[in-house]
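Down below is the structure, laid out as structure tokens.
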Amino acid sequence: MSSSCQHLITALKECLLRSDCVVKQGHLPSECLKDHTNELPEECKSLRLATFECKRGMLDMRKRFRGNNVGLPPKAVRTESAAPTPAEV
């Protein structure tokens with residue numbers, strides 16, 4: 001797996017492990033993702049969607065030139081995708 005989505009995957013794993021689906025109901029994280037998505041908190045749902053978009057972006061030919069910036073913090077996106085302006089230098 002490419003490292004461009006690794007930060008999202010790690011955040012999703014941590015979110016799932018803290019969710020009520022895993023902690024209180026005793027389901028496996030994989031079961032929560034497949035069968036109990038309506039029981040997940042909004043944070044986990046949004047991380048799941050961002051992870052999907054990131055993985056899909058890895059296959060998108062247009063993003064091979066632009067870079068797969070889905071889910072990166074705003075500062076990381078700016079430093080990876082643009083050269084510094086004269087004010088920043």
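So, R0 is 22 Å and r is the distance between the beta-carbons of S46 and Q6; what FRET efficiency does that work out to, to 0.05? With a Förster radius of 22 Å, E is 0.80. Take the Cα of E53, step 7 Å toward its Cβ, do the same at K34, and the gap between the two points is 2.6 nm.
Computed from the coordinates by the stated procedures, all read-outs in this text should not be read as laboratory data. Just so you know, these numbers come straight off a predicted model, no measurement behind them. Neighbour counts are summed over all protein chains in view; Cβ atoms, including those assigned to glycine, are modelled from backbone coordinates with ideal geometry.
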